[in-house]
1. Arrange the residues Trp63, Trp637 by how much accessible surface each exposes, largest first, with a 1.4 angstrom probe.
2. Name the residue farthest towards the positive end of the dipole of segment 109-151 from the options Pro141, Val110, Phe125, assuming +1 on Cβ of Lys and Arg, -1 on Cβ of Asp and Glu, about the Cα centre.
3. Ser481 versus Met698, label points 7 Å from Cα toward the beta carbon: distance in nm?
4. Could you tell me what percent of the accessible area of segment 688-729 is made up of carbon and sulfur, with a 1.4 Å probe and every protein chain present?
5. In nm, to one decimal, how far is the modelled label at Thr71 from the one at Asp149, with both set 7 Å along Cα→Cβ?
6. List the GluC sites (Glu not before Pro) in segment 141-243 that DSSP assigns to loop (not H, G, I, E or B) and whose Cβ has at most 14 other Cβ atoms within 10 Å. Which are they?
7. Tell me the per residue accessible area of segment 16-108 using a 1.4 Å probe; a whole number in Å² is fine.
8. Just how much of Phe562 is accessible, in Å², when a 1.4 Å probe is used and the result is rounded to the nearest 10?
Amino acid sequence: QMGQVSDDGYVSTLTTEVPNASVNTFSGKITLPPSRLDEASIDIPLDAENILLRGAMLRNTEWVLGVACFTGEDTKLARNSIKTPSKFSKLDELMNRTVILILLIMIICVLGLSVFGFAVHNERFDDIWYLGFAEENTPWPYLKIIGDDGQEIYPNYRRDPPGFHQFVFTFITLLNNFVPLSLYVTVEFVTLFMMFMLGWDREMYHAETDTPAVARSTTITDLGQVKYIFSDKTGTLTQNVMRFKRCSVDGSIFGAPVVKEGSSDNDDDMNNESMRTKYHSLQQLLVGSINLKRVEKDDRAENTDDNIVTAASGSEKILTFNAEMFLRVMSICHTVVVEKEIDASNLNNKSNDEKAEKTSLFKSRRGNRSRNNTSDDFEAPRSPLGAIIEANSVISAENESLRTPGMDMSVDMSIDRPLTSHSLVNSTGNVFFSETPPAKVGKSADGSPAGFAYQAESPDEGALVSAASLDFGFQLISRDSDGVKLSCDSPSLLSINAISDRLKKGTLTARELAAETACPRLGDTNTNPLRNALKSWCQDTEKSIASGTSDEVWSILAVNKFDSTRKRMSVLVRSPPELGSIPMLLIKGADSSMLDPDICVGGDYIASGSLGDDRMKDMIQTIPNSFEESLEGCAEWEKSVLLNMQSQLGIFASEGLRTLVLGVRILSEHECDDWLSKFSKAATAIENRDVKLTAVAMEIETKIHIVGSTAIEDKLQDGVPQTIENIAKAGIKLWVLTGDKRETAIEIGYSTKVLNPDMHLTDVADGSPARVKA
């Protein structure tokens, strides 16, 4: 073929960073030959996700091409290989120091005595005949020995004094009792006796599980010498089991409040109690769009809450723009992958399990360990301790199933159904929770397709993706080189050509579309083409809404990973052709980084956290049901939504929930292409790649339209408050490190009893050094 590049003269090159010991980072690129003579070479960026360390495993991968970039001593694991440090207790260290001191004293004594003895022997050599040292032919002073021949026989004296080294060895032998050889043996026996005493201590016995204290290390002698404990919160004090509980969209709260396990006298809880009772059920998010036809009929009537609710009830599953983008950010803006379920025992029926048990003695003794197996024909023998633990687990599970939120009956706009908690455990061990059970056939427990499981880098992402699938019908089907495939139960506003075209051209902003769908502007329908398009689409959608789900493939153009500088992550995607092929940026992150005036549209409206709760309440406005058709009306609506959401984030934080703010930005084709070229250069850079990628990400993460916020619960582990209380009684000071919001950290501090009402709470806010010192 003309223009086809020959293999001769072209090679593929691998360029990497210099060998280093960092196992979490990697920078490199592969340069491939061009496919045509008039084209440039192709650079493929490589990062930490493209390098396999020793011992790594590939899953759900049929084949792979690889090249060794670091070998021998240059491998990352080899550079991290160090000698295992020995761990000594304080008593061991004291004993070692004592022995070293004794040895030093002994050496000083040996050297001193050796020098003194050597000097005396040389000085008085003629007078120490009694030690066997004398000159030749020196007679015995008191007795003469006469031989047979009559001659005097002289004693055989040593004619030279002993050397210095002889004195050294002599005194080492004489002073060897300086070293207490029995000290180590005595201490080991004492330590062993203390370990038995610890196991016999009734105060350290756990009666519920029949478990005494077990000392597995000789460092038991340090128990009474601990003064400080530094602990992480997530996964240490908490279960690391994420549960999607609440969210805020269009200025309204969806999801029941979190009922605290213990009573609290926090004044903020009392002040916000009236605001907490005003919420909708999670399913109400799918009924957020207002029926334009009904509003048009009632435009002369007073726009009360009841009228709006009645209008909304007729357009079920027609989402507002903010609600739709909110759910799309949850289901697309992440790094979750869909992999095959490792445990395939759920595909075997009961008869196959019974046949396998009969044919294998070892299997019958071991039992079927599959969590999906419901057969109870065989039960492996258990120890008394295991039987006690299992019995307690069953009792706790039954009590948990009977517990329902106490505030569900006070919901004004809710669906009559009990909220029950369902654990979602995938093959990787990550545990997520959703408020509703999987009602659709073909979904696994975590919302993934049947026979598959979600693999998430963090439990937070897994909880959001599972909730989007189970609660709202936005199911992640797969992720491949083409992008992300979704299965959606709700129709999309982007399928309206008039809307998608105007969004791409920039003649329609996300703010205007969000305001129009959530709060229709009353006015002349003929002069409002957006209302005409929405009304016509709503009528067609209501007729075909029962047609089923639709599959969508969203192309992933770039991913800006989360980092500690930006405190957010974003993905640049392109919607499917049936949704207009619109390039857009989906983003989520901490509220402190998302609600910045330089980041989000309308950030100037957001009150600063230094105003206080009372000032915040004065600024919160009631979201209008309708307003006159003007850009000022959109701005007023957005202002009310953002102020309400900021207050609701404080409510979520006061309940101890982990919050995230979600947003979207619609891009033009020129903006998308221009930024992708910058991103490609930064991604293929070898030096300072992370710095360059952060700068490029911050460039596009501006002018963000906020679509909502999420609240995720991470429950405390059992017995954490009691344990921390006992630690405090022992005089040990506990420091807990967390990256949560200030309000969330304070609430967690009180619930874990790290803080108590008797303490003086000092709040050091971020700011200039002068402000921090003040």
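The values are calculated or read from the model by the stated rules, or taken from the named source; none is laboratory data. Treat the numbers as computed from the prediction; the structure is a model and nothing was measured. Using ideal geometry, Cβ is built from the backbone for each residue, glycine included, and neighbour counts are taken over all protein chains shown. Ligands, DNA and RNA are stripped out before the accessible areas are found, and what is left, the full protein with its side chains, is counted by its heavy atoms. Shrake-Rupley method; radii C 1.70, N 1.55, O 1.52, S 1.80 Å.
1. My answer, sorted largest first, is Trp63, Trp637.
2. Of Pro141, Val110, Phe125, it is Val110.
3. Label-label distance for Ser481 and Met698, simple model: 3.5 nm.
4. Numbers: 1040 of 1970 Å².
C and S fraction of accessible area: 53 percent.
5. 8.5
6. Those that pass, being in a loop and sparsely packed, are Glu208.
7. Counting only protein heavy atoms, the per-residue value for segment 16-108 is 76 Å².
8. 130
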